Amino acid sequence: MSAQSSLDAMIVEQAAEAVIYSNAEGAIERWNAAAATMFGFSAQEALGQNLDLMIPERLRDAHWRGFNAAMKNGKTRLGGRPTLTRAMH
């Protein structure tokens, strides 16, 4: 790992905001300390799990429609603007 990637990883891990990302199939690949605090799952518990880990069952269909559209189009409907949503803890 290069010094830059190590620094990048440290910045993400120490960010005050929850940073979560998944691969194109929805498997969680990044889960920082703020995500652990917000959702109640450690990185060890979350990494490799499906995003359904934190999405309430009633919202999953809508989530996956949006997720699949973003994967297909290369951008989200909100274009990076913050939004309020529901999640599980």
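The values are calculated or read from the model by the stated rules, or taken from the named source; none is laboratory data. Small disclaimer: the values here were computed from a predicted structure and weren't measured. As a convention, Cβ positions derive from the backbone with ideal geometry for all residues, glycine included, and neighbour counts pool all protein chains shown. The accessibility values were calculated without ligands, DNA or RNA, using every heavy atom of the protein model including side chains. Shrake-Rupley method; radii C 1.70, N 1.55, O 1.52, S 1.80 Å.
Pulled fully out, how much extra length does the chain show between L53 and A18, if you take 0.36 nm times their separation in residues and subtract their Cα-Cα distance? The partial results should precede the final answer.
Working: separation 35, 0.36 × 35 = 12.60 nm, distance 1.47 nm.
That works out to 11.1 nm of additional length.
Could you give the alpha-carbon Rg of the chain over 2.2 N^0.38 Å, rounded to two decimals? Please report the intermediate quantities before stating the final value.
Details: Rg = 13.8 Å, N = 89, 2.2 N^0.38 = 12.1 Å.
Here the answer is 1.14, to two decimals.
Remind me, relative contact order of the chain in percent, using alpha carbon pairs under 8 angstrom and six or more residues apart?
On the way: 95 pairs, mean separation 18.8, N = 89.
RCO, the chain: 21 percent.
Can you give me the distance in nm between label points at E25 and Q44, each placed 7 Å from the Cα along the Cα-to-Cβ direction?
Inter-label distance under the simple model: 2.4 nm.
Find the accessible area per residue for the chain; the probe is 1.4 Å, ligands and nucleic acids are left out, and the unit is Å². Walk me through the numbers on the way to the answer.
Numbers: 6540 Å² over 89 residues.
Here the per-residue accessible area is 74 Å².
Roughly how many percent of the accessible protein surface of the chain is carbon and sulfur, given a 1.4 Å probe and a whole-percent answer? Please list the in-between numbers first.
Working: 3550 of 6540 Å².
Ligands and nucleic acids excluded, carbon and sulfur reach 54 percent.
How long are the three semi-axes of the equivalent ellipsoid of segment 44-89, in whole Å, if each is the root of 5 times an eigenvalue of the C-alpha gyration tensor, listed from largest down?
Working: eigenvalues 76, 35, 26 Å².
Whole-Å semi-axes of the equivalent ellipsoid: 20, 13, 11.
Most fluctuating residue of N73, N32, N23 in a GNM of the chain with Cα springs under 10 Å: which is it?
Comparing N73, N32, N23 in a Gaussian network model of the chain, the most mobile one is N73.
Taking a spot 7 Å from the Cα of T76 along the direction of its beta carbon, which residues of segment 7-29 have an amide N less than 18 Å from it?
12-13, 15-29
With a cap of 14 neighbouring Cβ atoms within 10 Å, and only residues DSSP puts in a loop, list the GluC sites (Glu not before Pro) found in segment 1-87.
Working: sites: E13, E17, E25, E29, E45, E57; in loops: E17, E25.
Passing both the DSSP loop test and the Cβ count: E17, E25.
Give, as ranges by residue number, the residues of segment 47-67 whose backbone N falls under 19 Å from the point 7 Å along Cα→Cβ of R86.
51-67
Roughly how many debye, to the nearest 20, is the charge dipole of the chain about its Cα centre, given +1 on each Lys and Arg Cβ, -1 on each Asp and Glu Cβ, and no other charges? Write out the running numbers ahead of the final one.
Working: 9 positive and 9 negative charges, 106 e Å.
Charge dipole of the chain: 520 debye, to the nearest 20.
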